[in-house]
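See structure below.
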Amino acid sequence: MIVDKPWGKVATYALNQPSSVRIITIEPGEETSEHYHQLRDEMWVVLDPELGVQIGNRQVDAQPGDEFIVSAEEPHRIRNNGSKRGRVLEVAYGYTIEEDTFRLQDDYGRPMEPDW
């Protein structure tokens, strides 16, 4: 399943309650909203150069192969500082649904609260 986003896309390869596997693609110069999830933790593996990762107050210029843990309810976002598409492998542990996205900041005019 592929879901287009204003900043890129999310391709889901396995989607279930114990864990989900997705590739997050961020277009050049774009970033995800700053957001958090209540129902899942995430583990990220950076696949491409020139991505910036924000987890809580920590901001990192990530390199391919870098791994990050994002705990439930921890604000996070990914930014593409490069001129090519950037990808992150995400393995989520818990219940993965779009309605579990609580945005704190969004450049694309989307609702902050999920539409339950």
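Read the figures in this text as sums done on the coordinates, not as results from a lab. None of these values were measured; they are calculated from a predicted model. Every residue, glycine among them, receives a Cβ derived from its backbone with ideal geometry; neighbour counts consider all protein chains shown.
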message: Between Met112 and Ala72, what is 0.36 nm times their sequence separation minus the Cα-Cα distance? Round to one decimal in nm.
response: 12.7 nm
field: Rounded FRET efficiency, nearest 0.05, which uses the C-beta distance separating Ile23 from Glu99 and R0 of 30 Å
entry: 0.90
- prompt: With the calculation restricted to Cα positions, what are the radius of gyration and Dmax of region 1-110 in angstrom?
  reply: 12.6, 35
statement: Under the Karplus relation with 6.51, -1.76 and 1.60 and θ = phi - 60°, whole-Hz ³J(HN,Hα) for region 94-103, x at Gly and Pro, equal x, 8, 9, 9, 4, 5, 9, 10, 10, 7
- prompt: Can you sort His35, His76 by how many other beta carbons sit within 10 Å, fewest first?
  reply: His35, His76
statement: All alpha-carbon distances of region 58-116, grouped into 10 Å bins from 0, give the whole-percent distribution 15, 46, 35, 4
- prompt: What order, most packed first, do the peptides 106-112, 66-72, 87-93, 28-34 have when packing is the mean number of other Cβ atoms within 10 Å of each residue?
  reply: 87-93, 28-34, 66-72, 106-112
